[in-house]
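S.K.: Provided herewith is a single structure, encoded as structure tokens, for subsequent inquiry.
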Amino acid sequence: MADTLTLTLDCGDGKGGDVVIKLRPDLAPGHVERITELASEGFYDGVKFHRVIPGFMAQGGCPNGTGMGGSSKPDLKAEFNAEPHVRGVCSMARTSVPDSANSQFFICFDDARFLDRQYTVWGVVESGMEHVDALPVGEPPRAPGVIVKATVA
């Protein structure tokens, strides 16, 4: 299984770069398998960060850029864990139904411990958090940041 996911971001205005995420199959094997599968299939290439809230998180992974879509694969069973939602943590987005995560994920800008044990943590940013910080803000942003390419290694 892959050890890292690299998201090459275009944040507009010449900003952007590689965000390297250490995958945590020890915490969420099913979610890591899904993320790596989707990245390997090119699913995330060209996908926008449609919800970016300063001091909270940046959310992406919706193929239509609205936050309402997912992949054609079945939703995942929750793998809630004790890993804290702090700066750089990557976790799966979902509806109010615990077993509804599919392709959307978020990266925490700051401490969001109120999400602990309610969302599945699957990775942590090892480098490039400055590029996440540079994503255009909004719900949705007027000119959203984009995942140019997602690769697993």
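S.K.: Just to check I understand the Karplus step: with θ = phi - 60° and J = 6.51 cos²θ - 1.76 cosθ + 1.60, what whole-Hz values come out for the stretch 73-84, glycine and proline as x?
M.R.: 7, x, 4, 9, 6, 4, 10, 4, 9, 8, 4, x
S.K.: Taking the beta-carbon count within 10 Å as an exposure proxy, list Val52, Val47 from fewest neighbours to most.
M.R.: Val47, Val52
S.K.: Taking every alpha carbon pair in the stretch 4-152, what does the distance histogram look like in 10 angstrom bins from 0, in percent?
M.R.: 13, 48, 36, 3
S.K.: Could you work out the relative contact order of the stretch 4-152, using alpha carbon pairs under 8 angstrom and six or more residues apart, expressed as a whole percent?
M.R.: So the answer I get is 37 percent.
S.K.: Within the stretch 113-141, name every residue whose backbone N is under 19 Å away from a label modeled 7 Å from Cα of Asp13 along the Cβ vector.
M.R.: In the stretch 113-141, the label zone of Asp13 (backbone N under 19 Å from the point 7 Å along Cα→Cβ) covers 129-141.
S.K.: What are the ³J(HN,Hα) couplings of the stretch 148-153, residue after residue, when phi is run through the Karplus curve with 6.51, -1.76, 1.60 and θ = phi - 60°? Round to Hz, x for glycine and proline.
M.R.: 5, 8, 10, 10, 10, 9
S.K.: A further question follows. Just want the ordering: Asp133, Asp10, from fewest to most Cβ atoms lying within 10 Å of their own Cβ.
M.R.: With the sparsest Cβ surroundings first, the list reads Asp133, Asp10.
S.K.: Only counting other Cβ atoms within 10 Å, I'd like Ser100, Ser72, Ser91 sorted with the fewest neighbours first.
M.R.: Ser72, Ser100, Ser91
S.K.: Can I ask one more? Note down the net charge around Arg87, summing +1 for each Lys or Arg and -1 for each Asp or Glu among other residues with Cβ under 9 Å from its Cβ.
M.R.: Counting the neighbours of Arg87, the net charge comes to -2.
S.K.: Skipping prolines and chain starts, which residues have an amide H placed within reach, meaning under 5 Å, of the one on Val148, given they are 5 or more residues away or on another chain?
M.R.: Hits under the 5 Å cutoff: Thr8, Leu9, Asp10, Gly46.
Read-outs throughout are calculated quantities, based only on the coordinates presented, and are distinct from any laboratory measurement. Bear in mind that the values here come from a model prediction, so they are computed numbers and not experimental data. All Cβ positions, glycine included, derive from the backbone under ideal geometry; neighbour counts span all protein chains shown.
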